[in-house]
Amino acid sequence: MKSSFVLDLGKEKRLALLLDSYYSNCLKHYDFGRVQNLREQLLGVDVIFKHKISQKTFLVDEKAQLDYINEDLPTFAFELHYLKNGILKDGWLFDASKKTDFYALVTGIYEDEPNKYTSCKIAFVNRKKLLELLKTKGVTKTCLLEYYQKEPLPHGKMKLKELDPRTEGYLYHSKNNKAEQPFNLILKLDYLFSNRVAKKFT
C-alpha cells in the first residue's frame, strides 16, 4: 500500500484556494492568513484568524474529507493513532504538542470542474470544548488506547460503550486499506452541533 501523503498534499493545495475564497467572502470580523511554515503546520496551524478590533488570534487546523470527493458524509474522523515505520504514533486529536484552537472540518467537497474544487461545507470545532465533551462521556486518551490494544484489533467499525454509535460516534480502524493504518474516532456532526462544540460556517 502506498502512502497517500504526497497525493493529499496536492489535493490540499487545490482545496486551500476554495477555502480562502470562503474566508475572504464570509469572514466579516476577522482577517486571516495562511501559514506557510511547515513546522507550524505540523503543530496544527494551517490558518490564523485575527479579530479586526480586539486583535485576538485563533489558530485553525483544517481537516478535510479529501477521500470522499462529491460525497456529503454525516460524520467526521478524528485521528487517534497511526503507524509510522511500524511505530505507533499519537494522532492529532490528543496530541498535546498541537497548538490548535479550532478545527475547520471541511466536508461535502464537490469537484464540478476538472481538477477544481467548486464547493464545500465548513464547520468550526472548538478543540478545548470537544475534548471536554469527550471527557464527560468517559472518552479519554487512556480509554481509547485500551480499545486499540485489544487483541486481535480488527479492520473496520468498532463500538465503544461510552458513545451511542447511532447518534454520537464509534471507532474505525483502517487496517487493510491504508499504509498508516489509522485508528480513528468517528463522530456524528449533528452530535457536535447539538452540544455546541461545532458551528456551521458554510
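Just so it is clear, none of the values below were taken in a lab; they were calculated from the coordinates. Since we're looking at a predicted model, the values are computed, not measured. So basically every Cβ, Gly included, is an ideal-geometry build from the backbone, and we count neighbours across all protein chains shown.
Some notes on this structure:
- In plain terms, the chain from Ile69 to Asp90 could stretch by 4.9 nm, reckoned as 0.36 nm per residue minus the Cα-Cα distance.
- Cross-link reach list, lysines versus Lys13, counting only Cα pairs under 23 Å and skipping chain neighbours closer than eight places: Lys2, Lys50, Lys63, Lys98, Lys99, Lys116, Lys121, Lys178, Lys200
- Placing +1 on each Lys and Arg Cβ and -1 on each Asp and Glu Cβ, with no other charges, gives the chain a dipole about its Cα centre of roughly 520 debye.
- Cα convex hull of the stretch 76-119 - mean projected area over all directions, nm²: 5.0 nm²
- For the chain, the Cα gyration tensor yields ellipsoid semi-axes of 27, 20, 17 Å (square root of five times each eigenvalue, largest first, whole Å).
- Mean Kyte hydropathy of 0.0 or more with a Cα span along the axis of at least 18 Å, helices from DSSP in the chain: 5-26
- Nitroxide proxy distance, nm - points 7 Å out along Cα→Cβ at Ser21 and Lys128: 3.5 nm
- In terms of packing, defined here as the mean over residues of other Cβ atoms within 10 angstrom, the peptides 32-39, 80-87 line up highest first as 80-87, 32-39.
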